Amino acid sequence: MGAITLDRVSKRFGQVEVIRELSLDIGAGEFVVFLGPSGSGKTTLLRMIAGLESIDAGTLTIDGQRSEKLAPGQRNLAMVFQNYALYPHMTVAQNMGFGLRNIGLPASTIEARVREAARMLEMERLLDRRPAALSGGQRQRVAIGRAIVKEPKAFLFDEPLSNLDAALRVRTRVELAELHQRLGATMIYVTHDQTEAMTLADRIVILNNCRIEQVGSPMEVYARPASRFVASFIGSPA
Ligand code: ADP
């Protein structure tokens, strides 16, 4: 569950074609990082997978189903944004359960899922607080918790650590790796940070100017960069 295939996908904003015939296979359960400088197309790709941006040509399939047949809500993907996007008037528990209430799950199921996610993230004691009473790191955990309770096939992370301080970034990175181990879900993770990519990814997709420069394991892209751009961006020995 959670295999995602892009086949010659193109994307235009107005008259400008930013992505041209891009193809990529993401295996079920894989941790894939989209790595590249600002403007390289990472977020646009992630948003197309999530169904938040349309696709102008080519096909996107999720577990063999064509994306045209799947509304964003039917894709069973959960996106975690860099600004957390929490509702200020709701408690942590309500924020985490909100999406589940919308799809009509019974209150007992929602509560059980929220408790389990809170336990996993070690934030049970925060469940009754509101976002204003949380640190940045705690808010990010709520955003991750809100994704976990959906029990998605795939998690989509858009620069999830960029608003955290250095120590918390390292800690949250380790926790995300553990979460991946535990849940076995597909994870697609956007970042411009090479260290995050090298430490988290099964495979890194290196983007430049909205094109794929190289796809490979951290070792492969480091030891055998496919282009000068990759070598300099990853910091491989010349
Ligand atoms: P990244 O996430 O790597 O910073 P983006 O996916 O945000 O890159 O952007 C890729 C390209 O698409 C950039 O050239 C950007 O200017 C353009 N772009 C992104 N979103 C829009 C939009 N809504 N309208 C016009 N151009 C856009």
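Side notes on the structure shown:
- Within segment 49-68, one or more residues are more than 27 Å from Gln181 (Cα to Cα), exposed (fewer than 12 other Cβ atoms within 10 Å of the Cβ) and within 16 Å of the ligand (Cβ to nearest atom).
Table: residues versus (1) within 16 Å of the ligand (Cβ to nearest atom); (2) part of a loop (DSSP other than H, G, I, E, B); (3) under 26 Å from Gly51 (Cβ atoms).
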site: Phe157; (1), (2), (3): yes, no, yes
site: Leu164; (1), (2), (3): no, yes, no
site: Leu168; (1), (2), (3): no, no, no
site: Val174; (1), (2), (3): no, no, no
site: Gln181; (1), (2), (3): no, no, no
site: Tyr189; (1), (2), (3): yes, no, yes
site: Ile206; (1), (2), (3): yes, no, yes
site: Ile212; (1), (2), (3): yes, no, yes
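- Going through (1) within 16 Å of the ligand (Cβ to nearest atom); (2) within 15 Å of Val190 (Cβ to Cβ); (3) surrounded by 19 or more Cβ atoms within 10 Å (Cβ to Cβ) one by one, Asn83 falls short only on (3).
- Residues of segment 224-233 include at least one that is assigned to a helix (DSSP H, G or I) and within 20 Å of Leu22 (Cα to Cα).
- Exactly one residue out of Ala177, Ala147, Ala107 is among the small types (Gly, Ala, Ser), surrounded by 18 or more Cβ atoms within 10 Å (Cβ to Cβ) and touching a helix residue (DSSP H, G or I) at 6+ places or on another chain (Cβ under 9 Å), and it is Ala147.
- Residue pairs whose Cβ atoms lie under 7 Å apart, sitting 6 or more positions apart in sequence or on different chains, and linking a residue in segment 133-158 that is touching a residue at least 40 places away in the same chain (Cβ under 8 Å) and closer than 18 Å to Ala185 by Cβ to a partner that is aromatic (Phe, Trp, Tyr) and part of a strand (DSSP E or B), are Ala147/Phe155; Phe157/Tyr189.
- Residue check for Ser217: over 23 Å from Ile4 (Cα atoms) and hydroxyl-bearing (Ser, Thr, Tyr): no
- Qualifying residue in segment 185-201 (condition: under 21 Å from the mean Cα position of the chain (by Cα) and of a type in the set (Asp, Glu)): yes
Read the figures in this text as sums done on the coordinates, not as results from a lab. Predicted model only: the values in this text are computed from it and were never measured. Here the Cβ is made from the backbone with ideal geometry for all residues, glycine too, and neighbour counts use every protein chain on show.
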